[in-house]
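The values are calculated or read from the model by the stated rules, or taken from the named source; none is laboratory data. All figures in this text were calculated on a predicted structure; none of them were measured in a lab. Here the Cβ positions follow ideal geometry from the backbone for every residue, glycine too, while neighbour counts run over all protein chains shown. Note: areas computed on protein heavy atoms with side chains; ligands, DNA, RNA excluded. Shrake-Rupley method; radii C 1.70, N 1.55, O 1.52, S 1.80 Å.
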Amino acid sequence: MMWRRRAAQDLSAEVAQHLAEKVDELVQAGLSRDEAVRAARRKFGNVTATQERGSDVWRWRLLEDTLADLRHAARQLRQSPAFTVAAVATLALGIGANSAIYSVIDAALLHPLPYHDPKRLIMAWSGEPGEATFYSFSYPRFQYFRERSREFGDLAAYDDEIVNYSDGDAPERLEGGRVSANFFSVLGAAPALGRGFLPEEDRYGAPPVALLSDSYWRRRYHADPNVLGRAIRVDADEFTIVGVLPPGFQFHNVPVDIWRTRIVDTRTFAPESVRLGAQYLTIVGRLRGDIPLRQAQAKLRRHRRWIPQGQPRQQRRGAPGVRGPAGARRVRQCAPAAADAMGAVACLLTIACANVANLVLARAAARSREVAVRMALGASRVRIARQLIAEGFLFSLCGGAASLPVALWSMRLLAATIRRTMSRIPDAHLDLRVIAATFGVTAAVGIAVGLAPVFLLIRGELEGALHAGGRAVSASAWSIRFREAIVAGEVALCLMLLMAAALLAQSFVRMSTERTGLRAENVTIVHLDLMPDRYQTWEARGRFYDEVLRRVSALPGVADAAITSRIDLAQHGLGYMVQVEGAPDLGPRNPGALGRSVSPGYFNTPGISLLRGRTFGDRDSATSARVMMVNETFAKRFFPGQDPVGKHVTYSTDRAQGAPRCEIVGLVRDVRSAITQVEAEPTMYLPLAQRPWLVAHLLVRTNGPAAAMPAIRREVQAADPEQAVAETQLLEEALADRLGQPRTTMFTVAVFAAAALLLAATGIYGVTMYTVSQRAREIGIRVALGADTRGVRALVFRQSFQVLMTGLLLGLPLSAAASRVYAGLLFELRPADPATLLAVGVVLAVVALAASSFPAVQAAGIDPVASLRAE
């Protein structure tokens, strides 16, 4: 490299010698020395430029120049620490937030599922596409389609459950899973210890076997390999452990601890209901060979009208459909929140880049004289542009490096928030793909912001810099307007984010404060999941529930206690078809209703008001006449303009079953169907003694819930020592859990909106302060001619508010367009809410006023004498 420099220096020295000789010759011819120098330069050109052109003949010039540009950029950044810190911190915030969101969404939605060849996995549903739900297959329907799917793939079934687990000590309540024998082979997962299920173990009379999850095996048995062959009790039946699944295996985002076969057995429905087509199974499958997904969908549609022997005609409704890959449900659940988060963080990154671009433009204008001198000495516009781009590239890389700890911290905070309030997501981490994407974005940002000041060169903004002598050089009106336009764009994006955050916050507040129809204070929940074999008959279940109520009601401090199959507001009831006595059969157009089985005293416990009739009592037993109570919405839908008390209806999960005829004995006030909905659905309440379920919930109203919780669990356990009892939970906490997803979405957008507001305020401050410094001479002249300080401040504020109003006008259509993304998340609120828009505009105006205050004070304090003396 040194010899190339020496060669270039020798070449330039030779040119300089010829230049000097030519000057002497022209002086002797009668020209002045200045005229001779100008004439000689026209002939030989600039010596420095000639030196650069001379070294172009040597190889590696581009690399050498690039390294030189980077060294020069590093020196420039060291000489401007305030600019460097501001630019790097701004980029670190914007890029770090983007990396965190990308990492979480990649783990939740985009990362391949942890199964073998996940692209060949599918999930199936039964019903119309618009009604596509999982847990929608019946057992007979699954058997039929599994036999006919062998030509294109293999289908397996899954159902979740809560089980009572015992291994010689106190029973434990665990999350369980019922699967077909081929379930793990379809997913491509093999046990890490032992073996999987055999086909013959999925039939009646087969030896009961079970698989454990890796986490439970380590927690309960301390990773003892001798656990294989060990006898355990699950739901009072003896099972043999035959295998342990690999670490991290999980399906459907549910951490199942124990897996069993025999999917025909379910807690949700009686055996007769299962035979008649009750829907409770989730179906997964694996396509064979190269068969495409569309072909599998077409083959399943051919069996649209299949009806198994003895099943109800409602099985005609809808053909089975499939989605691939098997994570489709996870994508559908998280997609709205992910879209909102990605949009918010993209706006934040854009605002951060705009702020950095403004800083770079201001710095370029301040360096105009320096660049003009370099150009006068022979530096080309291309070389100046390359050095400016090198500076932008260097500080953007510094910003990318600084963004990694920001991304790591933000990612952990976001993932923890989502796990507390929404369904589980896989672990998110900054892998090589995320790091590569981060530095790719930073490089692009650096080049973009480095190109911004090049436009000043293209427009010739530096031509008059040398003519200004030692005086300050004012930026052109064009450059000032350009920087103001950038800030106006920041304000527009900030308005869009603030509108979204404000609307989501209002929606969340309304959702959590809207009248529910319940009194959730001081109500404790104990979940009861009875063992199917031990409580197979309705009489056995009724005796257990009566004993639990008797024991718990006798505890001191207990005001009310009741048992329900589904908790109002917290859980949807079971769907039934309803037929009013004497009314025509509506067939498939039957609107149906939700049903809950409740014990006497249930309505007093959560505070549901009785409007007419009576509530349930001891006389409503398993052998007495069938009765029910209904809510207001039920009465309006099935008995418009009539008193429903005393009327008779029949209900059933399907019309093929014997539909019991019930008398309506009471009308109660509506309760919201869900915490995220304001409407109530038609609901009927059945006596628990006449329809007891295996899965139920004990509600207890006490004077002090925290003190009573241990005693409540002890009494429930004493009712049956072999029955596992769940941990107690407050009803208020259960309802708060239902607000998890809207809370997370609101929190995420609000954080990004606050960061965007801070960056927008910084942008307004920067452009206003820069304009004041550029117009110092003008302001000094105004003051000298009699302008008072109030008028000077008004001049500065007027400029800021012009930028603000431009941003607001740009932001209105952007906000209207963005509202389509989150409109479905709003609760009783319109996206174009004028009050919210006015409030957000006021907030932006206050922020703009605060950001412009210090520059206005600086402008009012300019000394006209000092300003004019500098000229």
Study note, to complete from the structure: With all protein chains present and a 1.4 Å probe, the order of Glu484, Glu732, Glu490 from largest accessible area down is Glu732, Glu484, Glu490
Point to revise | Alpha-carbon centroid distance for the pair segment 571-601 / segment 224-245, whole angstrom | key: 42 Å
Point to revise | Size of charge dipole - segment 167-289 - debye, nearest 20, with Cβ of Lys, Arg +1 and Asp, Glu -1, no other charges | key: 380 debye
Check your understanding: Of the listed peptides 683-689, 702-708, 504-510, what is their order by residue-averaged count of other C-beta atoms within 10 Å, with the highest listed first?
Key -> 683-689, 504-510, 702-708
Revision key, fill the gap. Net charge near Arg713 (other residues with Cβ under 12 Å of its Cβ; Lys, Arg +1; Asp, Glu -1) is +1
Review point. How do the peptides 203-212, 601-610 rank, highest first, by the average count of neighbouring beta carbon atoms within 10 Å per residue?
Key: 601-610, 203-212
Exercise for review: Sort 186-195, 778-787 for me by packing, meaning the mean count of neighbouring Cβ atoms within 10 Å per residue, highest on top.
Suggested key: 186-195, 778-787
Check your understanding: If r is the Cβ-Cβ distance from Glu727 to Gln802 and R0 is 51 Å, what FRET efficiency results, to the nearest 0.05?
Key -> 0.25
Review point. Could you state the per residue volume, in Å³, of the convex hull enclosing the Cα atoms of segment 476-561?
Key: 186 Å³
Review point. Once phi is turned into θ = phi - 60°, what whole-Hz ³J(HN,Hα) does the Karplus curve with 6.51, -1.76 and 1.60 give for every residue of segment 744-760, x standing for Gly and Pro?
Key: 5, 4, 4, 4, 5, 5, 5, 5, 5, 5, 5, 5, 5, 5, 5, 5, 5
**Study point:** Computed label-point distance, nm, for sites Arg148 and Arg75 using a 7 Å Cα→Cβ extension
**Key:** 8.0 nm
**Study point:** Arg233-Thr268 FRET efficiency (beta carbon distance; Förster radius 22 Å; 0.05 resolution)
**Key:** 0.50
**Study point:** For segment 677-736 and segment 814-834, distance of Cα centres in Å
**Key:** 38 Å
Practice item. Mind running the shape call on segment 693-795? Use the C-alpha gyration tensor, a ≥ b ≥ c as the square roots of the eigenvalues: rounded below 1.5 for a/c, prolate if a/b tops b/c, oblate otherwise. Key: prolate
Study note, to complete from the structure: log10 I(q)/I(0) for segment 121-232, Debye formula on C-alpha points only (no solvent), q = 0.10, 0.12, 0.17, 0.21 Å⁻¹, two decimals, reads -0.39, -0.55, -1.00, -1.34
Review point. So which chymotrypsin sites (Phe, Trp or Tyr not before Pro) in segment 217-257 pass both tests, a DSSP loop state and at most 13 other Cβ atoms within 10 Å of the Cβ?
Key: none
